[in-house]
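The values are calculated or read from the model by the stated rules, or taken from the named source; none is laboratory data. Computed from a prediction, not measured in an experiment: that's the story for all the values here. Positions of Cβ are generated from backbone atoms using ideal geometry, with glycine treated the same way; all protein chains shown enter the neighbour counts.
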Amino acid sequence: MCDHHDKLRSNNKDLQQVEKMCDRREFLTKTSLGLGAMALGSLLNTEKAWSNVKNQVQPDLGMFGRNDLGLPHHMPKAKRCIYLFQSGGPSQLELFDYKPKLRDLFGQDLPESVRQGQRLTGMSADQTSFPIAASTINFNQYGESRAWVSDAMPYLSEMVDDLCFIKSMQTDAINHDPAITFFQTGSQLPGRPSIGSWISYGLGSDNENLPTFITLISKNGGGQPLYARLWGNGFLPTEHQGVQFRSGKDPVLYLTDPENYDGHDRRNMLDYLEKLNAVQHDTYGDPEINARMAQYEMAFRMQTSVPEVTDMSKEPDYIFEMYGEDSRDPGTYAANCLLGRKLLEKDVKFVQLYHQGWDQHAGCPGGVALNAKKTDQANAALIKDLKQRGMFEDTLIIWGGEFGRTVYSQGKLTTTDYGRDHHPKAFTMFMAGAGVKPGFTYGETDDFSYNVVKDPVHTHDFQATLMHLFGIDHERLIYKHQGRRFRLTDVHGHVVKDILS
């Protein structure tokens, strides 16, 4: 019996010795053909890592998502998204929400039964009257869907049978910065991850040489400022933040080599830096060390991939003609729409395009018409371009701003001119492409476009629907931070199933 116990103790010592020798790094190295390679591969190249794995949910390897998070939760319709954010609050009354009865009410005070004591901004709160201003821009019906579109959008009017209009949008914020932050992060307060970062965190990348989430800002907009936190990662790992591409010589800052440096030893430098960071990670266990290293590696690969994808020299003339003359000028809205298509072609999963200038507190008819002229042709061209390349069916296109505009005039009202203040309780967006009903209008506002009277869609509902189209259950994609489980839609929101195809 004693000999038996001595033998067990000896075996236990041997096992303990093996455990000491076979630490985590050793284990991953020695199992390079097994689980270690799979785990490492899922971080570096999802497509290759899962190339021999069969998945019953979606056989397209580029849509596997984060396996450790159990994503996707269901069959995705969208493989990629381009979000055309119209910053400033475009007026639904001048674009898509036709209210012909308002012309008979010109100059009359908005009835209190309609206004219902709703919150006003400081810019119109001191007005003693709220005179009704009907749109001076004419509307017509188009397509088999007979959708109403104003004369300000002649190119988009040709595409209405591909669009899904949501005319019953509502949000909680009434001023620009909190309203944009709310749309992009699900919270009016800064610090939360943006939509693109959530998508990147949940689904990973389909192209290891470009970021999963890229932001473009058109230079021909102007207006309310935009902040980098709108495409920030918040409390998610930093490799999921959006990367801003700029017009000009350096699309991504600090990516090009310094003058008189040929970069031949950069690979060696990164390899040694990785070894140093590995020691730091083993010592402190900070996941941001690995995240930062992943960013360095991405930047290294982007030195080749970014010049290639931003090179427009191979685009034929008919493409530039389709997007409009501005598309030849890098950084304009039209040029960014074209660049956005190129990024989508390269399997960038989420492209966020911002166009400023929609804040018409005065000169509303002329201001809306000017911004529509800068954006309308490119919007329509983007849809046509994706269709002709066979990408429309799995690309989600979104157009909209942070809120709408009031039916009453802010400031002086004349027969030809007026301003409109911010209005969060009723406005219009549209979606197109992957998984949404084409030629469809959802929701309805009252005769004043002031209150939603049918099928309201809250900002969190919109976000939940976007996530659903990517195969994500918005209630299940969570991240624990400071003791709380966070999600994009905070504590509510539901999928708008009636707009799904």
inquiry  = For the range 350-358, check the following and say yes or no: at least one residue is among the aromatic types (Phe, Trp, Tyr) and either over 24 Å from ALA78 (Cα atoms) or part of a helix (DSSP H, G or I) (or both).
reply    = yes
remark   = Within the range 453-492, residues in contact with a strand residue (DSSP E or B) (Cβ under 8 Å, 6 or more places away or on another chain), assigned to a loop (DSSP other than H, G, I, E, B) and surrounded by 22 or more Cβ atoms within 10 Å (Cβ to Cβ) come out as PHE470, ARG487
task = Take the residues in the range 383-424 that are in contact with a Lys or Arg (Cβ under 6 Å, 6 or more places away or on another chain) and of a type in the set (Val, Ile, Thr), then tell me which one is nearest to TYR98 (Cα to Cα).
result = THR406
ask   = How many of the residues making up the range 143-178 are surrounded by fewer than 19 Cβ atoms within 10 Å (Cβ to Cβ) and free of Cβ contacts under 8 Å to residues at least 60 places away in the same chain?
value = 4
key: Residues located in the range 239-256, provided they are assigned to a loop (DSSP other than H, G, I, E, B) and not β-branched (Val, Ile, Thr)   = GLN241, GLY242, ARG246, SER247, GLY248, LYS249, ASP250, PRO251, LEU253, TYR254, LEU255
ask   = Of the residues in the range 77-107, how many are in a loop (DSSP other than H, G, I, E, B) and either closer than 30 Å to GLY435 by Cα or not assigned by TED's automatic domain parsing to the domain that holds LEU469 (or both)?
value = 12
message = Looking only at the range 400-409, filter to residues that are of a type outside the set (Asp, Glu) and crowded, with 24+ Cβ neighbours inside 10 Å; which one of those is farthest from GLN118 (Cα to Cα)?
response = GLY401
query = Just wondering, is there one or more residues in the range 342-350 that are touching a Gly at 6+ places or on another chain (Cβ under 7 Å) and among the aromatic types (Phe, Trp, Tyr)?
reply = yes
ask   = GLY366 is checked against (1) assigned to a loop (DSSP other than H, G, I, E, B); (2) farther than 20 Å from CYS164 by Cβ; (3) not hydrophobic (A, V, I, L, M, F, W, C) and fails just one. What number does that condition carry?
value = (1)
query = Quick check: anything in the range 414-432 crowded, with 20+ Cβ neighbours inside 10 Å, touching an Asp or Glu at 6+ places or on another chain (Cβ under 6 Å) and closer than 17 Å to VAL114 by Cβ?
reply = no
task = Could you please give the count of residues in the range 225-238 that are under 16 Å from THR181 (Cα atoms) and not in a loop (DSSP other than H, G, I, E, B)?
result = 4
request  = Return yes or no: is ASP97 crowded, with 16+ Cβ neighbours inside 10 Å, modelled with pLDDT of 95 or more, touching a strand residue (DSSP E or B) at 6+ places or on another chain (Cβ under 9 Å) and not aromatic (Phe, Trp, Tyr)?
outcome  = yes
query = Which one is farthest from GLY411 (Cα to Cα) among residues in the range 116-130 that are hydroxyl-bearing (Ser, Thr, Tyr) and touching a residue at least 60 places away in the same chain (Cβ under 8 Å)?
reply = THR121
